[in-house]
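First the structure, in the form of structure tokens, and then the observations on it.
Every read-out reported here was derived from the displayed coordinates using simple, explicitly stated rules and does not represent laboratory data. Keep in mind that this is a model prediction, so the values were computed, not measured. With ideal geometry, Cβ positions are generated from the backbone for all residues, glycine too; neighbour counts draw on all protein chains shown.
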């Protein structure tokens, strides 16, 4: 009898749910359905790209506003 611990992860290529052994976290694994290779990751540690994209855009907007207030034009920043 196997004493392995598994977690569920979705294949980023085909979208199928896979049972991945915890010992493979951080390592390359191969999807048994589509043969795509991907890194086994803890789903709780994955950042939602839409969240990080929004925060990056918010930060860029803050920096542009700060530069504008300090007298630096967008052309000096290479943005226009």
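Gain in length, residue 4 to residue 41, computed as 0.36 nm per residue apart minus the alpha-carbon separation, to one decimal in nm? Can you show the working numbers first?
Numbers: separation 37, 0.36 × 37 = 13.32 nm, distance 1.66 nm.
Taking 0.36 nm per residue and subtracting the Cα distance, the gain is 11.7 nm.
Could you give the nm distance between label points at residue 30 and residue 63, where each point is 7 Å from its Cα heading toward the beta carbon?
4.1
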